[in-house]
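The structure appears below as structure tokens.
The values are calculated or read from the model by the stated rules, or taken from the named source; none is laboratory data. These numbers come from a predicted model, not from an experiment. Positions of Cβ are backbone-derived with ideal geometry, glycine not excepted, and every protein chain shown enters the neighbour counts. Only protein heavy atoms, including side chains, enter the accessible area calculation; ligands, DNA and RNA are left aside. Shrake-Rupley method; radii C 1.70, N 1.55, O 1.52, S 1.80 Å.
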Amino acid sequence: MSWQEALAHVSDLAASSAGQTQIFFLNANNANITFIDPEYRQVLEGRLILPDGIGMDIASKSFNGVPFAANLNGTDFVPALLTYMAAKRRIGLIGGHPDVLSTAAARLREHSPWHEIIEIADGFFDKDDSGAVLEKLAAAKIDVLLVAMGTPLQEKWIGRHITEEHARVVIGVGALFDFLAGRVPRAPEWVRRLRCEWAYRLWIEPKRLWYRYVVGIPVFLFRVAWHKIVNRGPQEPGSAAR
């Protein structure tokens with residue numbers, strides 16, 4: 001999907017009166033995790049998956065001959081979605097440090113003041129005893145729920161606990177709240193245009209991210225090459241995007 005198509009599609013889903021769609025983002029690091037975490041891989045199946053980062057384009061071009069139509073990364077997509085949705089929606093937030101959650105909520109209220117931004121819970125609750133959080137969430141009548149717990153925890157928690165009664169659209173947003181609160185800086189615009197935000201993040205947080213990028217990127221590229229080798233032959237156009 002292009003940006004316009006993705007925004008229109010998710011906006012329509014948020015406006016529906018019934019049903020639920022869970023949306024997750026897949027980048028090179030998350031793709032690597034699917035090889036070692038069967039539960040995470042299973043949760044991704046049947047959900048709407050949006051491509052995040054240059055690694056997904058490399059894979060798509062390798063398998064289909066063309067990259068994805070757009071880099072629909074969550075850090076840019078979610079704020080754009082809130083801007084795109086002209087009708088008032090109830091936006092629920094779960095995750096992050098308490099201070100980060102409140103600051104992120106304030107930023108979203110400034111960004112799109114016509115929406116109702118509702119802080120459901122920070123991320124420091126017992127994930128195995130989520131009853132109180134789920135009761136509060138169900139009572140809030142949320143249209144779009146943003147869950148920021150990091151991958152794969154957020155996807156698995158959503159898969160285990162979030163049902164149709166909790167929201168029309170549920171999005172796993174990773175570090176979005178940290179970016180909104182300024183706890184983690186975004187790369188300059190020119191770095192993002194070059195598709196090198198991963199390098200900027202590695203420079204900012206080397207101790208936390210060195211393995212993800214220094215080891216993870218070569219591993220991901222090897223898996224793309226290996227998949228290409230063992231699955232020789234023509235594929236249906238767009239098969240890597242499904």
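Checking GLY46 against (1) surrounded by fewer than 16 Cβ atoms within 10 Å (Cβ to Cβ); (2) closer than 24 Å to LEU209 by Cα; (3) of a type outside the set (Lys, Arg), only one condition comes out false. Which one?
(2)
Just to be sure, is GLY172 over 27 Å from MET85 (Cα atoms) and open to solvent by less than 30 Å² (accessible area, probe 1.4 Å)?
Details: over 27 Å from MET85 (Cα atoms): no; open to solvent by less than 30 Å² (accessible area, probe 1.4 Å): yes.
The answer is no for GLY172.
Quick one: is GLU110 at negative phi, modelled with pLDDT of 95 or more and in a helix (DSSP H, G or I)?
Numbers: at negative phi: yes; modelled with pLDDT of 95 or more: yes; in a helix (DSSP H, G or I): yes.
Yes; evaluated as a whole, the condition is true for this residue.
Does LEU93 satisfy the condition of being in contact (Cβ under 8 Å) with a residue 40 or more places away in the chain and either surrounded by fewer than 21 Cβ atoms within 10 Å (Cβ to Cβ) or part of a loop (DSSP other than H, G, I, E, B) (or both)?
Details: in contact (Cβ under 8 Å) with a residue 40 or more places away in the chain: yes; either surrounded by fewer than 21 Cβ atoms within 10 Å (Cβ to Cβ) or part of a loop (DSSP other than H, G, I, E, B) (or both): no.
No: the conditions fail for LEU93.
Give me the pairs, please: first residue somewhere in the range 155-178 and within 11 Å of LEU137 (Cβ to Cβ), second residue anywhere and hydroxyl-bearing (Ser, Thr, Tyr), beta-carbon distance under 6 Å, and either six or more positions apart or on two chains.
Listed by first residue and then by second, the contacts come to HIS161/SER130.
I'd like the full set of residues that are without any contact (Cβ under 8 Å) to a residue 12 or more places away in the chain and not in a loop (DSSP other than H, G, I, E, B), limited to the range 113-123. Break it down into steps so the answer makes sense when it comes.
Of the residues in the range 113-123, the ones without any contact (Cβ under 8 Å) to a residue 12 or more places away in the chain are 113.
Correct list: empty.
Is it true that some residue in the range 161-174 is at pLDDT below 95 and over 30 Å from ASP122 (Cα atoms)?
no
Out of curiosity, is ILE162 within 29 Å of GLU119 (Cβ to Cβ), open to solvent by less than 40 Å² (accessible area, probe 1.4 Å) and hydrophobic (A, V, I, L, M, F, W, C)? Walk me through how you get there before you give the answer.
On the way: within 29 Å of GLU119 (Cβ to Cβ): yes; open to solvent by less than 40 Å² (accessible area, probe 1.4 Å): yes; hydrophobic (A, V, I, L, M, F, W, C): yes.
When the stated conditions are applied, ILE162 passes them.
Does the range 13-33 contain at least one residue that is open to solvent by less than 30 Å² (accessible area, probe 1.4 Å), among the aliphatic types (A, V, I, L, M) and touching a strand residue (DSSP E or B) at 6+ places or on another chain (Cβ under 6 Å)? Working first, answer last.
So in the range 13-33, the residues open to solvent by less than 30 Å² (accessible area, probe 1.4 Å) come out as 14, 19, 22-25, 28, 30-33.
Next, only the ones that are among the aliphatic types (A, V, I, L, M) stay: 14, 23, 28, 31, 33.
Cutting the leftovers down to touching a strand residue (DSSP E or B) at 6+ places or on another chain (Cβ under 6 Å) gives us 14, 23.
Among the residues of the range 13-33, at least one is open to solvent by less than 30 Å² (accessible area, probe 1.4 Å), among the aliphatic types (A, V, I, L, M) and touching a strand residue (DSSP E or B) at 6+ places or on another chain (Cβ under 6 Å), which makes the answer yes.
Would you mind finding the one in TRP190, TRP203 that is modelled with pLDDT under 90, more than 21 Å from TYR40 (Cβ to Cβ) and outside any loop (DSSP other than H, G, I, E, B)? It would help to see each step written out before you state the result.
Values: TRP203 fails: modelled with pLDDT under 90.
None of the others qualify; the one that does is TRP190.
Could you figure out which of (1) over 16 Å from the mean Cα position of the chain (by Cα); (2) without any contact (Cβ under 8 Å) to a residue 60 or more places away in the chain; (3) closer than 22 Å to ALA15 by Cα isn't true of ALA132?
Condition (3) is where ALA132 drops out.
Among the residues of the range 135-153, what is the count of those that are part of a loop (DSSP other than H, G, I, E, B), surrounded by fewer than 17 Cβ atoms within 10 Å (Cβ to Cβ) and either of a type in the set (Val, Ile, Thr) or more than 20 Å from the chain's Cα centre (by Cα) (or both)?
Keep residues of the range 135-153 that are part of a loop (DSSP other than H, G, I, E, B), which gives 141, 149-152.
Adding the requirement that they be surrounded by fewer than 17 Cβ atoms within 10 Å (Cβ to Cβ) leaves 141, 150.
Still in the list and also either of a type in the set (Val, Ile, Thr) or more than 20 Å from the chain's Cα centre (by Cα) (or both): 141.
Here the count works out to 1.
Which residues, taken from the range 66-90, are part of a strand (DSSP E or B) and within 18 Å of the chain's Cα centre (by Cα)? Give the steps one after another, and end with the answer.
The initial filter retains those residues of the range 66-90 that are part of a strand (DSSP E or B), namely 90.
Result: no residue meets the conditions.
Would you confirm, using the coordinates I've provided, whether LEU209 is outside any loop (DSSP other than H, G, I, E, B) and at pLDDT 95 or above?
Values: outside any loop (DSSP other than H, G, I, E, B): yes; at pLDDT 95 or above: no.
It is false that LEU209 is outside any loop (DSSP other than H, G, I, E, B) and at pLDDT 95 or above.
Here is a list: ALA80, ALA106. Which entry is open to solvent by 20 Å² or more (accessible area, probe 1.4 Å), hydrophobic (A, V, I, L, M, F, W, C), free of Cβ contacts under 8 Å to residues at least 24 places away in the same chain and within 20 Å of ALA148 (Cβ to Cβ)?
Details: ALA80 fails: free of Cβ contacts under 8 Å to residues at least 24 places away in the same chain.
It is ALA106.
Across the range 154-187, what is the total count of residues that are of a type in the set (Val, Ile, Thr), in contact with a strand residue (DSSP E or B) (Cβ under 8 Å, 6 or more places away or on another chain) and outside any helix (DSSP H, G or I)? Steps first, please.
Going through the range 154-187, the residues of a type in the set (Val, Ile, Thr) turn out to be 158, 162-163, 169-171, 173, 184.
Checking which are in contact with a strand residue (DSSP E or B) (Cβ under 8 Å, 6 or more places away or on another chain) leaves us with 158, 162, 169-171, 173.
Imposing the further condition that a residue be outside any helix (DSSP H, G or I) reduces the set to 162, 169-171, 173.
The qualifying residues number 5.
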